[in-house]
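K.L.:
One structure is given below, represented as structure tokens, and several questions about it will come after.
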Amino acid sequence: MARSLKILLLNGPNLNLLGTREPEIYGKSTLQDHVAVATQAAVAAGFTLDAFQSNSASELVNKIHDAREQYSAIIINPGAFTHYAWSISDALNAFDGPVVEVHISNPQSRESWRHTSVVAPVAIGTIAGFGQQSYVLGVQAIAHYLDNN
């Protein structure tokens, strides 16, 4: 089955609290605001974008499994799952298309436990520290990758 030009944007735990949770780190934009700018970037690049957020690793794994025949690429902000959710890493590894990891803040400039990503080894790249722009850059990275591979 040929894939369509669709991107799946996944957001992990606590990202539903954006806008009110630690605005000094994550800013005042809500998750809906982040999805809206990612959607605009996707449309500008010729893609459609579907977004999903969950505080449950198993729900994210199921979405990744379902994406295998439906999406060209996945952009994921795994939140705290970045550092220990091997089930998400394994599911992403089974996805044939490109995966880009994004973060609003820069985990490398924060607590040491945030410095390890189990998602990075299965992603084509990681974009971190650019706030809402990280989502736009993630879409642009996917478009660039698909245009050149």
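The values are calculated or read from the model by the stated rules, or taken from the named source; none is laboratory data. Just so it is clear, the model here is predicted, and its values are computed rather than measured. Glycine also receives a Cβ, built like all others from the backbone with ideal geometry; neighbour counts cover every protein chain displayed.
K.L.:
Scan the stretch 107-130 and give yes if some residue there is among the acidic types (Asp, Glu), within 14 Å of the chain's Cα centre (by Cα) and within 25 Å of residue 24 (Cβ to Cβ), otherwise no.
P.N.:
no
K.L.:
Among the numbered criteria (1) out of contact with any Pro (no Cβ under 8 Å at 6 or more places or on another chain); (2) more than 21 Å from residue 140 (Cβ to Cβ); (3) among the small types (Gly, Ala, Ser), which single criterion is violated by residue 89?
P.N.:
Of (1) out of contact with any Pro (no Cβ under 8 Å at 6 or more places or on another chain); (2) more than 21 Å from residue 140 (Cβ to Cβ); (3) among the small types (Gly, Ala, Ser), only one is false for residue 89: (1).
K.L.:
Could you please let me know if residue 57 is modelled with pLDDT of 95 or more, in contact with a helix residue (DSSP H, G or I) (Cβ under 6 Å, 6 or more places away or on another chain) and closer than 17 Å to residue 87 by Cβ?
P.N.:
The answer is yes for residue 57.
K.L.:
Could you list, in sequence order, the residues of the stretch 40-74 that are touching an Asp or Glu at 6+ places or on another chain (Cβ under 9 Å) and of a type in the set (Ser, Thr, Tyr)?
P.N.:
71
Residue-wise test of (1) hydroxyl-bearing (Ser, Thr, Tyr); (2) under 15 Å from residue 9 (Cβ atoms).
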position	(1), (2)
71	yes, yes
78	no, yes
144	no, no
147	no, no
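K.L.:
For residues that are over 18 Å from residue 35 (Cα atoms) and at pLDDT 95 or above, tally how many sit in the stretch 97-121.
P.N.:
Looking only at that region, the number is 2.
K.L.:
While we're here: Which residue pairs have Cβ atoms closer than 8 Å, lie 6 or more positions apart in sequence or on different chains, and pair a first residue in the stretch 11-35 that is farther than 19 Å from residue 81 by Cα with a second residue that is acidic (Asp, Glu) and surrounded by 13 or more Cβ atoms within 10 Å (Cβ to Cβ)?
P.N.:
What qualifies is 19/33.
One line per residue, one yes/no per condition, for (1) under 15 Å from the mean Cα position of the chain (by Cα); (2) in contact (Cβ under 8 Å) with a residue 12 or more places away in the chain:
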position: 52; (1), (2): yes, yes
position: 59; (1), (2): yes, no
position: 69; (1), (2): no, yes
position: 84; (1), (2): no, yes
position: 87; (1), (2): no, yes
position: 99; (1), (2): yes, yes
position: 104; (1), (2): yes, yes
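K.L.:
Consider the stretch 41-50. How many of its residues are in contact (Cβ under 8 Å) with a residue 24 or more places away in the chain and either farther than 19 Å from residue 132 by Cα or over 12 Å from the mean Cα position of the chain (by Cα) (or both)?
P.N.:
The total comes to 6.
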